[in-house]
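Below is one structure, written out as structure tokens; comments come after it.
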Amino acid sequence: MSDALSFRFRMPLGSFMLNTVGEIPISGVTALFGRSGCGKTSLLRCIAGLEQAGEAYLSLAGECWHDSNKGFYLPPHKRTIGYVFQEGMLFPHLKVRDNLLFGYKRTPDNQRSGSLNQVVKLLDISPLLERFPAQLSGGEKQRVAIGRALLNHPRLLLMDEPMAALDRGHKKEILPYLERLHRESNVPIIYVSHDLDEVARIADHLLLIEQGEVMAAGPLSDMLARIDLPIARNEEAGALFDTHIIQHDENFHLTRLKFSGGELTVGWIDLPVGNQVRIRIHAKDVSLALEPPGPTSILNILPATVTEMEAHGRGRMIVKLDLGGVPLLARITQKSQANLDLKPGMQIYAQIKSVALSL
Amino acid sequence: MMGPDDLAALWVTLRLALVSTLLLLLMGIPLAWWLARSTSRFRTLIETLIALPLVLPPTVLGFYLLIALSPSGFIGGFWQAIGGNGLAFTFSGLVIGSVLYSMPFVVQPLQNAFAAIDRRTLEAAATLRASPLDCFFSVVLPLSRPGLITATTLGFAHTLGEFGVVLMIGGNIPGETQVLSIAIYDHVESLAYGQAHLLSAGLLLFSFLILFLVYRMNGTHLLRKESR
């Protein structure tokens, strides 16, 4: 595969080894997901060239950036990347405008594509241009850092948990911009995160990192629907659905969505009928019943087939269901499983308590 | 009033301080950068050597320099071999002595300023196409401005006030190696208190003024104020 980022890194990392081999598609957003200290940031730093692994191979679309066998290492300033750090790392002695233009000024004319104005507009930072970094909030700093990386005209944008240092309110402030960036720019992004909800909102592709190794990789929706991976144990585990709006109910302030396996009623979505909406149904919000339940407050009850089950210890388990070809996850207790005598192949009813909008 | 010898001493002093400060910065900046970033095991050794003039009596440094600078000495011999005219009791010898003597006053503030820069700020510059040298001039030096000002001033002021080393290796040749501090000593020896007062008060006022200006500049510097 030539239009991918291929990598192989091996180096000691505290108590274990970073020992990663893999490929990352050069399009859309790829998340490097794993718990804190699993080596995902080290992998990102190796890709940027900020860290030199003893044994290393890295190439972007066939162009070699690092090959320890041949003694070749391209330093970071020659790699045409953008890097966004957790805390922004703006240059404190430069105004926002000069921070933004730092990489831009060093980019050869024929490589420049976007302009300062476009980026300023994309990230809504025009009121900040004449300020110094010390006069910005955490969220503003991060937007400027993203703009600075974009204006470096990168072939690859690397982001190291760009929202980890922000509180919940400021995260909400940044997420829409990341989603906008995803839609409006075609720079491939590699995004490090340990927050599954964040990843589910912006990623297309996911590499699961555990103890310094790439444990699994694939398209986001496939990865989120697998129950054999540690992702399924995450509090926020849940399947993705690509749906479109078929109807609005103004009386009850509800919207009706259709997907290949059925229809769902959700809270009002402020988009016209026909629009695509990606939603996520958390496994913890799905409960199971053998018979169609009687009168209930739950709006979405869909017939489904049990396909797989996996116990997770501490009395909990995750059940994978099939909704007319689309996977749905449900988290139940092992006692419930025993009570209902659930087995793969059984017909049951999935009751969906709530639905999260994704993109 | 100041005699011709006093004026000559003033001129030698200023020239010595300027030349020494320039050389100190040229050598001290790369040295301090290396000390701030290196993990080499020679680092502690170099740091110790540079700090020695802080604790040694100037006469000790002066004594060894005198031996090294003499025609049969390590540095003086080399100097003559390449066609120089001898270093002991010359202005060039004084510059060598001053540079060694004032080195800790220049290197230490610079090293502290460089060490205070977050490694990730430099990494950010590297990911934005800045080569290490570019990064040094466009990020490291501007961020170290207060340290640079302090180092320059201390280097300059310390050379101005030097006495022991100069006396040992430069002697007291008017117009060549006689600096203000030695001229003052001469006046006191010959009981010419009026002239000693004039030079002493002048040096006192001058030193006070430059230190005051530097502290004010550093105190009101934008970076300092904003990092609070």
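Summary table below
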| item | result |
| --- | --- |
| Residue list for segment A:190-224, restricted to those being part of a loop (DSSP other than H, G, I, E, B), in contact with a strand residue (DSSP E or B) (Cβ under 6 Å, 6 or more places away or on another chain) and open to solvent by 10 Å² or more (accessible area, probe 1.4 Å) | A:D204, A:Q211 |
| Leading residue by the ranking (nearest to A:G294 (Cα to Cα)) among those in segment A:339-355 that are open to solvent by 70 Å² or more (accessible area, probe 1.4 Å) and of a type outside the set (D, E, K, R) | A:Q347 |
| All positions within segment A:136-148 that are open to solvent by less than 50 Å² (accessible area, probe 1.4 Å) and within 14 Å of chain B (Cβ to nearest Cβ) | A:L136, A:Q142, A:V144, A:A145, A:I146, A:G147, A:R148 |
| Qualifying positions in segment B:108-136 - facing chain A (nearest Cβ under 10 Å) and in a helix (DSSP H, G or I) | B:R119, B:R120, B:T121, B:L122, B:E123, B:A124, B:A125, B:A126, B:T127, B:P132, B:D134, B:C135 |
| Residues located in segment A:270-283, provided they are touching a residue at least 12 places away in the same chain (Cβ under 8 Å) and surrounded by fewer than 19 Cβ atoms within 10 Å (Cβ to Cβ) | A:L271, A:P272, A:V273, A:G274, A:N275, A:Q276, A:R278 |
| Lone qualifier among A:I245, A:I231, A:I227 - being aliphatic (A, V, I, L, M) and in a loop (DSSP other than H, G, I, E, B) | A:I227 |
| Members of segment B:137-192 found to be away from chain A (no Cβ under 14 Å), at negative phi, out of contact with any Asp or Glu (no Cβ under 6 Å at 6 or more places or on another chain) and assigned to a loop (DSSP other than H, G, I, E, B), listed by number | B:G161, B:E162, B:F163, B:N172, B:I173, B:E176, B:T177, B:Q178, B:V179, B:S190, B:A192 |
| Some residue of segment A:308-320 being open to solvent by less than 40 Å² (accessible area, probe 1.4 Å), within 19 Å of A:V266 (Cα to Cα) and at pLDDT 90 or above | no |
| Close pairs (6 angstrom Cβ cut-off, 6 or more residues apart or separate chains): within 18 Å of B:A157 (Cα to Cα) in segment B:177-188, of a type in the set (S, T, Y) anywhere | B:V179/B:T13; B:L180/B:T13; B:I184/B:S200 |
| Qualifying residue in segment A:149-169 (condition: at pLDDT 90 or above and either away from chain B (no Cβ under 14 Å) or in a helix (DSSP H, G or I) (or both)) | yes |
| Residue within segment A:233-245 that is open to solvent by 60 Å² or more (accessible area, probe 1.4 Å) and within 19 Å of A:I332 (Cα to Cα) present | yes |
| Test: residue in segment A:65-80 that is assigned to a strand (DSSP E or B) and among the hydrophobic types (A, V, I, L, M, F, W, C) | yes |
| When residues of segment A:56-72 are limited to those that are under 25 Å from A:R112 (Cα atoms) and surrounded by 15 or more Cβ atoms within 10 Å (Cβ to Cβ), the one farthest from the other protein chains (Cβ to nearest Cβ) | A:S59 |
| Segment A:326-359, subset among the charged types (D, E, K, R) and within 26 Å of the chain's Cα centre (by Cα), residue modelled with the lowest pLDDT | A:K353 |
| Output for segment B:1-49, where each listed residue is loosely packed, with under 14 Cβ neighbours inside 10 Å and among the polar types (S, T, N, Q) | B:S38, B:T39, B:S40, B:T44, B:T48 |
| One residue from A:A53, A:A48 being touching a helix residue (DSSP H, G or I) at 6+ places or on another chain (Cβ under 7 Å), within 11 Å of chain B (Cβ to nearest Cβ), closer than 30 Å to A:A165 by Cα and crowded, with 20+ Cβ neighbours inside 10 Å | A:A48 |
| Some residue of segment A:36-44 being of a type in the set (S, T, Y) and in a loop (DSSP other than H, G, I, E, B) | yes |
| Every pair of residues 6+ apart whose Cβ atoms lie under 8 Å, when the first sits in segment A:83-98 and is at the interface with chain B (Cβ under 8 Å from one of its Cβ atoms) while the second is open to solvent by 50 Å² or more (accessible area, probe 1.4 Å) and among the hydroxyl-bearing types (S, T, Y) | A:P92/B:S227 |
| Selected residue (only one of B:L141, B:L167, B:L180, B:L94 is open to solvent by 20 Å² or more (accessible area, probe 1.4 Å), among the aliphatic types (A, V, I, L, M) and under 18 Å from the mean Cα position of the chain (by Cα)) | B:L167 |
| Filter result for A:P133 (farther than 21 Å from A:I189 by Cα, within 12 Å of another protein chain (Cβ to nearest Cβ) and in contact with a helix residue (DSSP H, G or I) (Cβ under 7 Å, 6 or more places away or on another chain)) | yes |
| Top-ranked residue in segment A:24-45 [being more than 19 Å from A:Y83 (Cα to Cα) and surrounded by fewer than 22 Cβ atoms within 10 Å (Cβ to Cβ); ranked as farthest from the other protein chains (Cβ to nearest Cβ)] | A:R35 |
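The values are calculated or read from the model by the stated rules, or taken from the named source; none is laboratory data. Here the structure is a predicted model, which means the values were calculated and not measured. Don't worry about glycine lacking a Cβ; one is built from the backbone with ideal geometry, like all the others, and counts go over all protein chains shown. For accessibility, only protein heavy atoms count, side chains too; no ligands or nucleic acids. Shrake-Rupley method; radii C 1.70, N 1.55, O 1.52, S 1.80 Å.
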